[in-house]
Amino acid sequence: MRADLIQVSYIAAALLFIAGLRGMSSPRTARTGIVWAGVGMAVATAVTFATPDMANYLLMTLAMGLGAIVAWAAARKVAMTDMPQMVAVYNGMGGGAAAAIAAAEFLRVTDPSTSFAVLGILGALIGSVAFSGSMVAFAKLQGFIRKSLLFKGQNAFNLLVATAAVGLGAVTVLQHLGYVGGSQHVVLLAFFLVALAYGVLMTLPIGGADMPVVISLYNALTGLAVAFEGYVLGNAALIIAGTVVGAAGTLLTQLMARAMNRSLANVLFAGFGAGGGQELAAVEGSMKALDPDDAAVTMAYARKVIIVPGYGMAVGQAQHKVWELARLLQEKGVEVKFAIHPVAGRMPGHMNVLLAEAGVPYDMIFDLDEVNAEFPTADVALVIGANDVVNPAARDDPGSPIYGMPILDVDKAGTVLVVKRGRGAGFAGIENRLFFMDNTRMVFGDAQEVAGKLVAGVKKV
Ligand code: NAP
């Protein structure tokens, strides 16, 4: 294939990625967006195979075949609730792949240009950090690591490791440009080990509640690493796609950090939200249980009900029943709204996706900023499988690990109905005073089962 045709095809593939990402910005067009991005990927792959100096067809086919089989099997098996872990792993793989490309190129190319060496090592550094950091994020989300590692002088120690990684990267570049002697292989290996260690050390202290910010950050870093390695390989599609992913990931990181009401520096260096796995704080009072029939009557006679879904709705796959309940209430003349917290569930947009899948119209779904002032005017707030995102401690307990995170003010509604299975804590691992308040009633049970009973109950009214 001619060189100019190859570049044009790569740019076409990159434009398809951009169109795909744009499509994914709205639930309405998300599926089409994924198809566009997939077509872009197919074009880029086909062009790579048609590149004349591309010799390793067998290895490429083998690697792609193996990757496709593993990804296909894993994606079919993984539960919707485990998607964030999968996203963390795949993010990390992207960063790892970029770092591996850099390693191979540094071993292969003997007389690199300055820009080749500098951008290659930058991509390797960022990719390695994104890889090992994402693996720790995966382990935390999967519950393999329950405690956040915090020790005195941690930030200074991490800074030292980061400086060592940058220093070894600089030596690698100088060696390859011929300014410094010594074994290139040893320095390159040391550079990768220290860079990987930094990714681990940087992620270990970050608490559970901050994982959305961390995952988005590694997504951005992976994009950046891929863009740098795209330059090293002279591949326009990688440069553009990597830049687009890097930019989208950066915007998402900012949005997630804003949703937690924190700066990125605070997330990375303050050990915030490191409450996972700690002893639950004692809370005064007792939980008051209500059976689903009585809860259904309370809602059926209400003027306004705001439904707040959380991770438990995803676990119970209760979205269809919840939407049926909302429709029944509307038929009885009740005003129903859905309130979505930006970090509800386990991945950005988790609740929006589930509600869209159930067919809830977009004009019934409101973001935190749009709906929060309305809770005092609601007769009932129905909290279905949410915990951290409605925990008043984030608003008024400076000692709480989630203090400062904006929450949905459900406690200001006339009655709060909370659907959950038992006394289980939320992701941040802390007790929730909301469940013990005078105006709160607990409707215990699995989200789908209880939603079904609420539907039956409302039908009887
Ligand atoms: P949450 O704090 O994790 O609480 C979920 C609650 O659902 C639990 O208390 C659990 O209590 C209940 N539950 C679980 N399975 C259930 C079922 N089958 N039926 C009924 N209830 C069930 O959820 P959240 O309020 O949505 O908050 C999200 C948390 O995850 C935040 O801390 C956020 O920072 C973090 N996070 C978010 C993302 C993101 O991007 N959105 C990513 C990573 C982490 P029981 O066990 O008693 O039932």
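Residues in the stretch 26-37 that are open to solvent by 40 Å² or more (accessible area, probe 1.4 Å) and either more than 23 Å from Met351 (Cβ to Cβ) or not aliphatic (A, V, I, L, M) (or both): Pro27, Arg28, Thr29, Arg31, Thr32, Val35, Trp36.
What are the residues in the stretch 389-399 that are closer than 17 Å to Asp210 by Cα and either within 12 Å of the ligand (Cβ to nearest atom) or in a helix (DSSP H, G or I) (or both), if any? Scanning the stretch 389-399 gives Val389, Val390, Asn391, Ala393, Ala394, Arg395.
Restricted to the stretch 293-314, and to residues there that are of a type outside the set (Val, Ile, Thr) and within 16 Å of the ligand (Cβ to nearest atom), the residue that is farthest from Ala413 (Cα to Cα) is Ala314.
Looking across the stretch 300-346, the residues that are assigned to a helix (DSSP H, G or I), among the small types (Gly, Ala, Ser) and either under 26 Å from Val87 (Cβ atoms) or touching a Cys at 6+ places or on another chain (Cβ under 9 Å) (or both) come down to Gly312, Ala314, Gly316.
Consider the stretch 190-210 and keep the residues that are under 17 Å from the mean Cα position of the chain (by Cα), aliphatic (A, V, I, L, M) and buried (at least 24 other Cβ atoms within 10 Å of the Cβ). The one that is nearest to the ligand (Cβ to nearest atom) is Ala209. Summed over the stretch 160-189, the residues that are of a type in the set (Ser, Thr, Tyr), at pLDDT 95 or above and surrounded by fewer than 17 Cβ atoms within 10 Å (Cβ to Cβ) give a count of 1. Taken over the stretch 241-254, the residue count meeting the criterion of being open to solvent by less than 50 Å² (accessible area, probe 1.4 Å) and under 22 Å from Ser9 (Cα atoms) is 4. Can you find even one residue in the stretch 427-441 that is at pLDDT below 95, of a type in the set (A, V, I, L, M), crowded, with 21+ Cβ neighbours inside 10 Å and near the ligand (Cβ under 10 Å from one of its atoms)? Yes, that holds for at least one residue. If you go through the stretch 335-353 and keep only what is touching a helix residue (DSSP H, G or I) at 6+ places or on another chain (Cβ under 7 Å) and more than 16 Å from the ligand (Cβ to nearest atom), you end up with Val336, Lys337.
Check Ala378, Ala356, Ala386 and return the single one that is open to solvent by less than 10 Å² (accessible area, probe 1.4 Å) and within 16 Å of the ligand (Cβ to nearest atom). Within the list Ala378, Ala356, Ala386, the selection yields Ala386. Does the stretch 265-272 contain at least one residue that is away from the ligand (no atom under 16 Å from the Cβ), surrounded by fewer than 16 Cβ atoms within 10 Å (Cβ to Cβ), at pLDDT below 95 and under 21 Å from Ala137 (Cα atoms)? Yes, the stretch 265-272 has at least one match.
Taken together, Gln330, Gln317 contain a single residue that is within 16 Å of the ligand (Cβ to nearest atom) and open to solvent by 40 Å² or more (accessible area, probe 1.4 Å), which is Gln317.
Would you say Val419 is part of a helix (DSSP H, G or I), under 19 Å from Gln319 (Cα atoms) and near the ligand (Cβ under 10 Å from one of its atoms)? Steps first, answer last, please.
On the way: part of a helix (DSSP H, G or I): no; under 19 Å from Gln319 (Cα atoms): yes; near the ligand (Cβ under 10 Å from one of its atoms): yes.
Criteria not met by Val419.
Considering every residue within the stretch 313-329, establish whether at least one is at pLDDT 95 or above and farther than 15 Å from Gly452 by Cα. Within the stretch 313-329, none of the residues are at pLDDT 95 or above and farther than 15 Å from Gly452 by Cα. Reported count of residues in the stretch 359-375, each being open to solvent by less than 10 Å² (accessible area, probe 1.4 Å) and part of a helix (DSSP H, G or I), is 2.
Limited to the stretch 446-461, what total is found for residues that are near the ligand (Cβ under 8 Å from one of its atoms) and open to solvent by less than 20 Å² (accessible area, probe 1.4 Å)? Matching residues across the stretch 446-461 total 2.
Among the residues of the stretch 389-408, those that are within 23 Å of Gly445 (Cα to Cα) and buried (at least 20 other Cβ atoms within 10 Å of the Cβ) comprise Val389, Val390, Asn391, Leu408. Kindly indicate whether Leu58 is of a type outside the set (Lys, Arg) and farther than 26 Å from Leu221 by Cα. Taking the combined requirement at face value, the residue satisfies it.
The values are calculated or read from the model by the stated rules, or taken from the named source; none is laboratory data. These figures come from a predicted structure and were not determined experimentally. Note that we place each Cβ from the backbone using ideal geometry, even for glycine, and neighbour counts take in every protein chain shown. Only protein heavy atoms, including side chains, enter the accessible area calculation; ligands, DNA and RNA are left aside. Shrake-Rupley method; radii C 1.70, N 1.55, O 1.52, S 1.80 Å.
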